[in-house]
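The values are calculated or read from the model by the stated rules, or taken from the named source; none is laboratory data. None of these values were measured; they are calculated from a predicted model. Using ideal geometry, Cβ is built from the backbone for each residue, glycine included, and neighbour counts are taken over all protein chains shown.
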Amino acid sequence: MTYFIYFLIFIVVCIVAISIMSRIQPPLGLTGGRLGGGNNKPNWVCSESVNRGDTVHYVDPINYNQESKDAWDCVKRIVSLSGGKIVKEDDGKYLHATYVSQLFRFVDDLELRLDETNKVIQLRSSSRVGYSDLGVNRKRVENIVEEFKQVTR
């Protein structure tokens with residue numbers, strides 16, 4: 001029985017340590033005017049800087065037909081309503097938001113870039129720690145895209 005208690009304590013300490021490590025923000029932002037990619041871990045997705053054939057990491061961007069400012073305001077509202085905390089916004093063309101998981105308080109980053117020329121909003125969502133995110137970032141992006149389509153019909 002005591003080994004089991006030690007094991008539980010070890011697990012709790014590991015989860016707390018990982019949660020604390022997820023508070024450290026990685027380098028984010030635009031590189032050459034584009035959202036960056038990532039590593040080979042399956043814990044991130046991006047609509048830019050990723051080959052369409054990369055089924056693990058690639059997601060479609062948000063296409064829009066309205067005025068760019070209206071599309072941007074709409075997606076910002078969706079991010080906020082979906083639990084995202086907007087941390088940074090630059091010139092209405094780049095946005096960084098964070099999401100915190102309910103159970104273990106892990107932090108994920110969401111980045112958006114407004115591409116007015118092509119009338120798309122590029123997205124990148126990534127876990128800060130761990131190897132797999134169990135599809136959480138892909139689902140988050142898909143939900144944002146779907147909500148955007150519903151609202152702008």
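Any residue at all in region 65-74 that is under 16 Å from the mean Cα position of the chain (by Cα) and either in a helix (DSSP H, G or I) or not aliphatic (A, V, I, L, M) (or both)?
Applying the first criterion (under 16 Å from the mean Cα position of the chain (by Cα)) to region 65-74 yields none.
No.
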(request) Among the residues of region 31-57, write down those that are out of contact with any helix residue (DSSP H, G or I) (no Cβ under 8 Å at 6 or more places or on another chain), farther than 22 Å from residue 71 by Cα and part of a strand (DSSP E or B). (result) 31
(message) Restricting to region 82-122, and then to whatever is in contact (Cβ under 8 Å) with a residue 60 or more places away in the chain and of a type in the set (S, T, N, Q), can you tell me which residue is nearest to residue 15 (Cα to Cα)?
(response) 82
(request) Search region 100-111 for residues being among the hydrophobic types (A, V, I, L, M, F, W, C) and assigned to a strand (DSSP E or B), and hand back the single one that is nearest to residue 45 (Cα to Cα). (result) 110
(message) Suppose we keep only residues that are of a type in the set (S, T, N, Q) and outside any loop (DSSP other than H, G, I, E, B) within region 112-153. Which one would you say is modelled with the lowest pLDDT?
(response) 127
(message) From the list 91, 60, exactly one residue is surrounded by fewer than 20 Cβ atoms within 10 Å (Cβ to Cβ) and more than 15 Å from the chain's Cα centre (by Cα). Which is it?
(response) 91
